[in-house]
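A short worksheet on the structure shown next.
The values are calculated or read from the model by the stated rules, or taken from the named source; none is laboratory data. Predicted model, so just to flag it, every value in this text is computed and none were measured. Please note: Cβ atoms are built from the backbone with ideal geometry, for glycine as well, and neighbour counts cover all protein chains shown.
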Amino acid sequence: MQDMKDNKQLFGGSVVLIGGDWKQLTPVVPKGNPEAVIDASIKKWDEYDHCKQIELKKNMRVNEDEIDFIQELKHIGNGDTEGYSNYIKGTDYIKVDEENIAKNALDLMNFCYEPQWLAEPEKYAKELCGSAILCPTNTVVKRLNQKVLNNLSGRQQKTFFARNTPLGDQPLNALTDNETEYSIEAMEKIETAGMPPHELNLKNGAIVMLIKNISVNTGLCNGTRMQITEIFDDCIKCKVLSGSRSDNSDEIFLPRCKFEYGGTPSEPGIHFSRCQFPVKLSFAMSINKSQGQTLQKVGIYLRQGECFSHGQLYTAMSRVRTKKSIKIVTAVLDTNNVKNVVWKQLLD
């Protein structure tokens with residue numbers, strides 16, 4: 001902007017509005033410790049002193065009559081161990097109210113996705129899209145997505161395997177048999193947040209998320225939730241359920257797309273491309289992926305891994321409009337305690 005405006009001031013002298021919430025999630029730093037993550041924050045930017053901070057005070061997502069819930073979210077987001085009675089003294093754990101506890105994954109699934117919805121997913125598409133099970137890690141997300149998919153009754157599952165192609169100087173046909181077998185296996189195992197799995201399981205009626213910008217101008221963006229309506233060998237037909245096109249009941253055809261992995265410090269190992277449908281199952285998603293979304297029901301599953309980074313619990317709990325719309329499976333059976341990670345350096 002300095003070059004465009006021929007002005008050496010910051011941003012070429014333009015006023016730039018930057019929005020965010022310090023209580024929510026931090027930048028992702030691969031294998032970074034808390035200090036590295038905090039150092040990646042905009043607060044560590046050399047020019048941050050030039051920013052004027054304007055605080056927004058009203059929560060526009062939560063219903064206005066949910067006064068106690070609004071205050072509870074503030075306490076959780078700020079890590080307010082003194083002012084919030086649900087904090088367990090001397091720890092960073094919070095006691096969750098009994099009404100918000102689910103005993104196990106099945107209870108959580110039945111809360112978020114009522115059996116009638118799964119029996120008639122096309123009829124209850126909006127309800128299915130308005131719910132999500134949130135987890136700290138993608139490994140658990142994948143497992144729970146398959147559990148819900150299995151409960152879409154009377155529908156045949158179709159499995160699509162990606163075509164993975166190594167990139168770089170040495171093609172597969174130049175490798176030895178052992179090297180080739182290792183390379184193929186390594187490519188198939190790699191899954192990232194921005195890449196579809198090598199083995200993609202789908203059913204008609206399943207809720208999926210678009211993970212690639214197909215057409216930003218027409219609302220087909222990364223993060224758009226859709227429902228599978230028909231499955232072909234070379235494409236899938238989907239009904240758009242979120243975003244700017246959701247009111248029109250639009251249906252689109254999605255072909256396989258190419259994704260690239262490797263070649264950067266954050267993506268170590270083999271450099272390859274993957275050709276696969278640009279979707280992932282979206283009954284469950286990572287807490288990071290849920291940021292920015294408004295949902296009708298949220299299940300938070302912590303039995304196979306607690307929140308481990310700043311703002312995860314706050315982000316997960318603040319996706320809904322009412323407190324009764326949340327159920328949590330805690331890390332330890334028969335306890336109501338959940339870990340709340342807050343790095344005060346980001347809030348000061």
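Here is a yes/no grid of residues against (1) of a type in the set (K, R); (2) under 24 Å from M285 (Cβ atoms); (3) not in a loop (DSSP other than H, G, I, E, B):
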position	(1), (2), (3)
L56	no, no, no
V62	no, yes, no
I76	no, yes, yes
S85	no, no, no
I133	no, yes, yes
R143	yes, yes, yes
L149	no, yes, yes
G154	no, no, no
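Just to check your reading of the model, which residue among L118, L106 is free of Cβ contacts under 8 Å to residues at least 12 places away in the same chain and under 26 Å from the mean Cα position of the chain (by Cα)? After applying the criteria, what remains is L106.
The residue list I214, I184, I190 contains one member that is surrounded by 14 or more Cβ atoms within 10 Å (Cβ to Cβ) and either in contact with a Lys or Arg (Cβ under 7 Å, 6 or more places away or on another chain) or closer than 24 Å to G243 by Cα (or both), which is I214.
Restricting the stretch 21-40 to residues that are of a type in the set (A, V, I, L, M, F, W, C) and part of a helix (DSSP H, G or I) leaves a set whose member that is surrounded by the fewest Cβ atoms within 10 Å (Cβ to Cβ) is A36. Give, as residue ranges, the strands (runs of 3 or more DSSP E) completely inside the stretch 250-348 that count at least 2 residues that are of a type in the set (V, I, T) and either more than 16 Å from the chain's Cα centre (by Cα) or crowded, with 18+ Cβ neighbours inside 10 Å (or both). Of the strands (runs of 3 or more DSSP E) lying wholly inside the stretch 250-348, those with at least 2 residues that are of a type in the set (V, I, T) and either more than 16 Å from the chain's Cα centre (by Cα) or crowded, with 18+ Cβ neighbours inside 10 Å (or both) span 297-301, 326-329.
Only one of the numbered conditions (1) modelled with pLDDT of 95 or more; (2) under 21 Å from L134 (Cα atoms); (3) assigned to a loop (DSSP other than H, G, I, E, B) is violated by N204, and that is (2). In the stretch 158-173, the residue that is surrounded by the most Cβ atoms within 10 Å (Cβ to Cβ) out of those that are assigned to a loop (DSSP other than H, G, I, E, B) and at pLDDT below 95 is L167. So, in the stretch 64-74, of the ones that are touching a residue at least 40 places away in the same chain (Cβ under 8 Å) and part of a helix (DSSP H, G or I), which residue ends up nearest to the chain's Cα centre (by Cα)? Only one residue tops the list, namely L73.
L118 fulfils the conditions (1) surrounded by 14 or more Cβ atoms within 10 Å (Cβ to Cβ); (2) part of a loop (DSSP other than H, G, I, E, B); (3) aliphatic (A, V, I, L, M) except for a single criterion, (2). When the test is whether a residue is outside any helix (DSSP H, G or I), charged (D, E, K, R), modelled with pLDDT under 95 and at negative phi, D80 passes it.
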